[in-house]
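The values are calculated or read from the model by the stated rules, or taken from the named source; none is laboratory data. Given the structure is predicted, the values throughout are model-derived calculations rather than measurements. Here the Cβ positions follow ideal geometry from the backbone for every residue, glycine too, while neighbour counts run over all protein chains shown.
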């Protein structure tokens with residue numbers, strides 16, 4: 001069981017990590033293959049994960065809850081299937097972390113909120129988690145998120161701050177920062193995340209991982225309750241490299257009758273992407289999207305991607321303006337209205353004092369939004385997509401920086417540094433593509449002088465997930481960025 005003391009979580013058992021083994025140096029597919037062949041047990045992988053968590057989580061604070069007994073029991077069930085000659089699934093025995101915004105049976109879904117810390121534990125897994133478990137994954141715990149997953153800095157009043165394994169003094173981004181940090185530190189090889197404004201792409205980049213935000217509806221978000229961020233947020237798996245993300249996506253995409261937006265199952269397995277990685281012959285590069293000042297160091301590191309694409313024979317067309325204005329206000333309108341629905345009953349209670357003050361301000365502002373304002377914000381999504389449709393008549397892929405600034409120092413309390421100036425909106429490159437529901441990936445291109453990763457975002461036309469994934473795999477291979485985060489030091493033990 002888990003013992004929680006303020007923001008420090010202690011696991012009495014602790015597991016037994018295996019010296020010389022590093023989840024970051026083995027693909028998810030390789031690990032599952034070893035379990036399916038009987039070369040290594042699922043129990044051994046889970047014990048290694050629990051051991052790494054016990055050693056490194058006090059520094060990184062990626063996990064907020066772990067159930068050792070359940071993880072061991074579920075791992076033993078996978079091993080029993082192997083012993084009987086049965087196939088536990090393509091992700092057999094892979095330790096899985098679940099972002100604390102979605103349900104995993106037996107765990108409280110706190111959403112990083114003091115107000116929800118006393119909720120009853122979930123009685124069933126979310127659709128994403130249940131599909132990963134059906135494919136053989138073993139849930140080991142829940143990972144940290146900012147309150148209601150609303151911002152790009154993983155810190156909250158319930159569990160504290162998650163630290164970036166690349167530089168402990170810098171933000172790991174958000175809102176899937178706990179999952180990203182857990183993978184970057186080698187605690188688990190696979191995790192879940194969600195993305196309502198960049199929450200897969202931003203922390204993945206900050207933690208040195210690749211990422212994929214599928215088209216809205218590819219990964220169902222149905223279940224017994226309506227989605228929190230309706231038309232903005234998309235769920236998906238997280239791993240170090242695109243090959244593992246593709247393998248996990250292959251088992252979780254497809255419709256669910258409880259999700260009104262879910263898309264049909266793709267006709268072919270997405271694993272074919274790995275056999276034929278390729279970028280389109282012509283892509284657009286937009287360093288600012290037309291409205292964003294971007295830090296000069298970020299642009300310099302991103303230029304490595306442009307060079308790699310040129311070496312692949314890709315024609316790069318620079319586009320000054322993709323969108324004629326920053327849609328932040330419309331995105332905030334939708335974000336505020338969605339979060340008002342979640343916290344509406346809380347505003348008149350003493351618990352409101354524990355809410356993140358900026359989040360509280362946004363929710364208070366949403367009380368003045370009239371229905372027409374909310375519909376006009378949805379209209380903005382349509383208008384943005386029209387501009388993308390025009391662009392994609394000329395090119396097959398759009399490339400931009402993931403963020404306008406590098407993952408910032410924690411001392412800036414969520415703000416970033418853009419050419420030496422503090423800017424609270426250092427993530428202004430991602431949320432437009434939540435509004436357009438576009439498939440979008442991120443690929444790390446290198447490190448800044450502070451030793452934190454930055455990278456490029458690849459955006460495709462509506463439902464062109466395969467184009468984006470093929471391009472991301474090809475670019476990832478061409479760049480060859482495969483460095484490991486240096487922290488915590490125990491990861492090298």
Revision key, fill the gap. Picked from the range 395-423 (must be assigned to a loop (DSSP other than H, G, I, E, B) and either free of Cβ contacts under 8 Å to residues at least 24 places away in the same chain or out of contact with any strand residue (DSSP E or B) (no Cβ under 6 Å at 6 or more places or on another chain) (or both)), the residue nearest to residue 457 (Cα to Cα) is 403
Practice item. Look through the range 50-88, keep the residues that are more than 21 Å from residue 109 (Cβ to Cβ) and in contact with a strand residue (DSSP E or B) (Cβ under 8 Å, 6 or more places away or on another chain), and return whichever of them is surrounded by the fewest Cβ atoms within 10 Å (Cβ to Cβ). Key: 58
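If you take the residues of the range 311-331 that are in a loop (DSSP other than H, G, I, E, B) and in contact with a helix residue (DSSP H, G or I) (Cβ under 8 Å, 6 or more places away or on another chain), which of them is surrounded by the most Cβ atoms within 10 Å (Cβ to Cβ)?
For the range 311-331, the residue satisfying everything is 327.
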Exercise for review: Name the single residue, out of those in the range 259-282 being under 21 Å from the mean Cα position of the chain (by Cα) and outside any loop (DSSP other than H, G, I, E, B), that is farthest from residue 228 (Cα to Cα).
Suggested key: 274
Review point. Pick from 185, 247: which is crowded, with 24+ Cβ neighbours inside 10 Å, under 28 Å from residue 68 (Cα atoms) and out of contact with any strand residue (DSSP E or B) (no Cβ under 9 Å at 6 or more places or on another chain)?
Key: 185
Practice item. Would you check if residue 308 is surrounded by 16 or more Cβ atoms within 10 Å (Cβ to Cβ) and modelled with pLDDT of 95 or more? Key: yes
**Study point:** Pick from the range 346-374, criterion free of Cβ contacts under 8 Å to residues at least 12 places away in the same chain and closer than 18 Å to residue 328 by Cβ, ranking: surrounded by the most Cβ atoms within 10 Å (Cβ to Cβ)
**Key:** 361
Study note, to complete from the structure: Checked against (1) over 17 Å from residue 455 (Cα atoms); (2) crowded, with 21+ Cβ neighbours inside 10 Å; (3) under 26 Å from the mean Cα position of the chain (by Cα), residue 342 satisfies every condition except (2)
Check your understanding: When residues of the range 424-442 are filtered for being in a loop (DSSP other than H, G, I, E, B) and touching a strand residue (DSSP E or B) at 6+ places or on another chain (Cβ under 6 Å), how many remain?
Key -> 3
Exercise for review: Tell me, please, whether a residue that is surrounded by 18 or more Cβ atoms within 10 Å (Cβ to Cβ), touching a residue at least 40 places away in the same chain (Cβ under 8 Å) and within 24 Å of residue 240 (Cα to Cα) can be found in the range 384-394.
Suggested key: no
Check your understanding: Residue check: is residue 105 at pLDDT 95 or above, at negative phi and surrounded by fewer than 18 Cβ atoms within 10 Å (Cβ to Cβ)?
Key -> yes
Study note, to complete from the structure: Apart from one, (1) assigned to a helix (DSSP H, G or I); (2) touching a strand residue (DSSP E or B) at 6+ places or on another chain (Cβ under 9 Å); (3) farther than 18 Å from residue 159 by Cα all hold for residue 93; the odd one out is (1)
Practice item. Kindly establish whether residue 334 is surrounded by fewer than 21 Cβ atoms within 10 Å (Cβ to Cβ), more than 30 Å from residue 449 (Cβ to Cβ) and either touching a residue at least 12 places away in the same chain (Cβ under 8 Å) or out of contact with any strand residue (DSSP E or B) (no Cβ under 6 Å at 6 or more places or on another chain) (or both). Key: no
Exercise for review: Please go through the range 186-222 and pick out each residue that is in contact with a helix residue (DSSP H, G or I) (Cβ under 6 Å, 6 or more places away or on another chain) and at positive phi.
Suggested key: 186, 208
**Study point:** The listed residue being within 21 Å of the chain's Cα centre (by Cα) and surrounded by fewer than 21 Cβ atoms within 10 Å (Cβ to Cβ), out of 419, 425, 434
**Key:** 425
Exercise for review: Please tell me if residue 36 is free of Cβ contacts under 8 Å to residues at least 40 places away in the same chain and surrounded by fewer than 24 Cβ atoms within 10 Å (Cβ to Cβ).
Suggested key: no
Check your understanding: Looking at the range 39-49, which of its residues are surrounded by fewer than 24 Cβ atoms within 10 Å (Cβ to Cβ) and either at positive phi or in contact with a helix residue (DSSP H, G or I) (Cβ under 7 Å, 6 or more places away or on another chain) (or both)?
Key -> 40, 41, 43
